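First comes the structure, then the notes that go with it.
The values are calculated or read from the model by the stated rules, or taken from the named source; none is laboratory data. Small disclaimer: the values here were computed from a predicted structure and weren't measured. Please note: Cβ atoms are built from the backbone with ideal geometry, for glycine as well, and neighbour counts cover all protein chains shown.
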Amino acid sequence: MTTWKQHKSARPLRGAAKKAYEAERDAMGIGYLVLKARASAGLSQERLAKKIGTSQPMVARWESGSQVPSVRSLLRIAKATGFELAIGIKLPGASPKDFELLEVLESSGKSAKGHVLTEATG
């Protein structure tokens, strides 16, 4: 079976197709990150759903951008895919480098707390 990474390297997007893909990726927002984490972990939507206690259609809705996962769901996705969850916040129009990075930690499995890791530089 060919992996997505192998497929992309064998058939890289160019020109208008590349611009269209990037625009759609940006529109997907968090969904794109869910898809990337799942793909990096080598999990199918169904397998990720089972690992985090949800359904495959819900994972598909998150990845398509039609629904946004809760912070608790993002924590579960991160754990299941071997990632850590960090949330950034910045002022509109500021450089992507000028943001506060928050690390979300699960506390006793029932709530999440944010801790500032880095302060905005601007």
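A few remarks follow.
- Qualifying residue in region 35-42 (condition: at pLDDT below 95 and assigned to a loop (DSSP other than H, G, I, E, B)): no
- Flag for LEU74 being more than 20 Å from THR3 (Cα to Cα) and either assigned to a helix (DSSP H, G or I) or modelled with pLDDT of 95 or more (or both): yes
- Single condition ALA20 does not satisfy, out of (1) in a helix (DSSP H, G or I); (2) over 13 Å from the mean Cα position of the chain (by Cα); (3) modelled with pLDDT of 80 or more: (3)
- Residue that is more than 14 Å from LYS79 (Cα to Cα), at pLDDT 75 or above and in contact with a Pro (Cβ under 9 Å, 6 or more places away or on another chain), where the choices are GLN56, GLN67, GLN45: GLN45
- Selection count, region 77-105, where residues are of a type in the set (A, V, I, L, M, F, W, C), out of contact with any strand residue (DSSP E or B) (no Cβ under 9 Å at 6 or more places or on another chain) and either modelled with pLDDT under 85 or at positive phi (or both): 2
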